[in-house]
1. FRET efficiency for Ser100 and His58, Cβ-Cβ distance as r, R0 = 22 Å, nearest 0.05?
2. Using only the alpha-carbon atoms, how far is helix 29-50 inclined from the longest principal axis of the chain? Give it as 0 to 90 degrees, nearest 10.
3. Can you give me the angle between helix 103-126 and the longest principal axis of the chain, using Cα atoms only, in degrees from 0 to 90, rounded to the nearest 10?
Amino acid sequence: MAQSDIPLHLSRARQDLEAAESNVRHGFYAVSVTRAYYAMFYAASALLASKGISRSKHGAILAAFGEHFAKTGLIEPNYAKSFGHAFDARLDSDYDITFSADRALAEGVLGDAREFVERVDRYLREAGEL
């Protein structure tokens, strides 16, 4: 993944935030959880690209984010926790047919995703990547 992909990843993150917001308004909570997670996924991908790091699997992106940003203090550790929670909620929403996402979960993951994307954007601007 090239550093030139950073703005593309952030643009996609913002699109997924908008989609998550729309889905909450329409009562599609499981879809909202998925889109909010993907906003975080693309934002994390932008961060990794800033360090020349590329991963293809979701769990690997989560782990690399933790290793290279949360554990080093470049990004506060609470963001790794919220990313992990969103990852788990997305797996339940997408793959567990008996799982029923509710409004509280969707709004919680969406709020975390908004904060995550904002924090990533701020980091990348401060680092001169945007």
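Derivation of every value follows stated rules applied to the coordinates shown; laboratory data play no part. Being a predicted model, the structure only gives us computed values, none of them experimental. Positions of Cβ are backbone-derived with ideal geometry, glycine not excepted, and every protein chain shown enters the neighbour counts.
1. Calculated value: 0.50.
2. 10
3. For 103-126 against the chain, the angle is about 10 degrees.
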